[in-house]
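What follows is calculated from the coordinates using simple rules that are stated; it is not laboratory data. Just so it is clear, the model here is predicted, and its values are computed rather than measured. Cβ coordinates were reconstructed from backbone atoms using ideal geometry, including for glycine residues, and neighbour counts include every protein chain displayed.
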Amino acid sequence: NFDVSAPWLNRVIERKPRQFVRAVDDISFSVPMGGCLSLVGESGCGKSTVARLVTGLYRASEGEVRFAPSKNGEPLSAQMIFQDPYASLNPRWRVRNIIAEPLRELKLRNSEAEIMDRVGELLTIVGLAPSDGAKFPHEFSGGQRQRISIARALAGEPEFLVCDEPTSALDVSVQAQILNLMRKLQDEMGLTYLFISHDMSVVRHMSDRIAVMYLGRIVEEADTETLFANPRHPYTQLLLETIPDITHPKRGRSIAASEVPSPLNPPSGCTFHPRCPFADQRCKSERPEMRSFADGSRAACHRIEETVKAINAA
Ligand code: SF4
Ligand code: MG
């Protein structure tokens with residue numbers, strides 16, 4: 001496993017132009033080697049902050065992030081794939097130079113001819129043609145551009161890919177193609193994924209394990225099947241209701257962004273209490289600790305027995 005823990009990360013601060021500040025707090029998770037752990041939650045929950053901390057794009061301003069990669073003492077070679085491939089591809093570079101950059105920087109090939117051979121291979125691996133290397137990013141569709149950014153990420157020979165909403169800017173049919181490509185590459189190359197998404201149907205398709213985040217903390221973690229069959233945390237139950245499902249007419253409701261409290265001024269006690277149908281007095285004052293269960297899941301809620309009973313009765 002790649003173990004990532006940030007036990008004292010109570011001031012990981014993301015500064016945005018308008019002084020928007022967001023924190024993640026007391027985060028710890030393991031990503032199974034060769035598997036996929038997804039962080040799921042609404043926007044503003046801190047999942048992208050975690051992704052950027054893991055890949056070193058952000059530094060913790062207070063506290064620390066620790067990695068325990070399984071290979072003895074070797075530094076983690078993580079690459080990041082972003083939501084918007086267009087913004088992350090230099091528009092003035094030909095695609096072959098975009099993909100060649102990591103090869104050159106990391107000196108992974110010796111000659112220019114070898115570099116261009118490898119670029120052609122990488123384009124083929126992601127379902128494009130070697131001749132596409134001569135084109136510019138604007139000549140491609142959104143899905144093709146995401147294929148290009150995957151090829152660039154693979155050029156660095158990473159063991160570990162951090163994918164931040166890699167398909168949420170794409171049409172649903174194109175999304176499925178990219179997700180299938182990512183799964184195929186994972187199988188063939190033994191890649192490990194940390195996958196970030198707000199979309200429960202996407203994470204169900206991709207993940208071995210799922211960690212649900214709410215306002216900077218993990219509130220539940222379980223293997224994918226268990227999380228969907230037996231969601232323990234009321235917030236997980238709410239997220240599952242957002243999945244369109246024609247066999248459950250009550251499902252498919254969408255969550256209004258206005259319902260999410262500001263991470264700047266989080267509610268007391270359990271930060272989910274203003275939205276929680278199970279909240280009682282204790283929830284308003286006391287922060288729930290994470291509890292572990294026999295099936296390998298964990299969840300942070302004072303009233304798990306009641307929430308599980310309610311969902312089973314529904
Ligand atoms: Fe709801 Fe209380 Fe559990 Fe928080 S601790 S999720 S408010 S029941
Ligand atoms: Mg995000």
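Below are the figures for this structure:
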read-out: Per-residue HN-Hα couplings for the range 117-132 [Karplus 6.51, -1.76, 1.60; θ = phi - 60°; Hz; x = Gly/Pro]; value: 4, 5, 4, x, 4, 5, 4, 5, 4, 8, x, 10, 9, x, 5, 5
read-out: P(r) tail fraction, the range 114-247 - alpha-carbon pairs more than 27 Å apart, %; value: 29
read-out: Charge dipole (debye, nearest 20) of the range 86-208; +1 at Cβ of Lys and Arg, -1 at Cβ of Asp and Glu; value: 320
read-out: For residue 210, net neighbour charge (Lys/Arg +1, Asp/Glu -1) across residues whose Cβ lies under 13 Å away; value: -1
read-out: Filtered trypsin sites (Lys or Arg not before Pro), the range 100-207: DSSP coil and at most 10 other beta carbons within 10 Å; value: 107
read-out: Sequence-distant residues sharing a close amide H with residue 213 (under 5 Å, placed H); value: 40, 41, 219
read-out: 5 angstrom amide H check on residue 192, placed H, neighbours 5+ away; value: 34, 160, 161
read-out: Under the Karplus curve 6.51 cos²θ - 1.76 cosθ + 1.60, θ = phi - 60°, whole-Hz ³J(HN,Hα) for the range 180-189, x wherever Gly or Pro sits; value: 5, 4, 5, 5, 5, 4, 4, 4, 6, 10
read-out: In sequence order, calculated HN-Hα J values of the range 38-43 (Karplus, 6.51, -1.76, 1.60; Hz; x Gly/Pro); value: 10, 9, 10, x, 6, 5
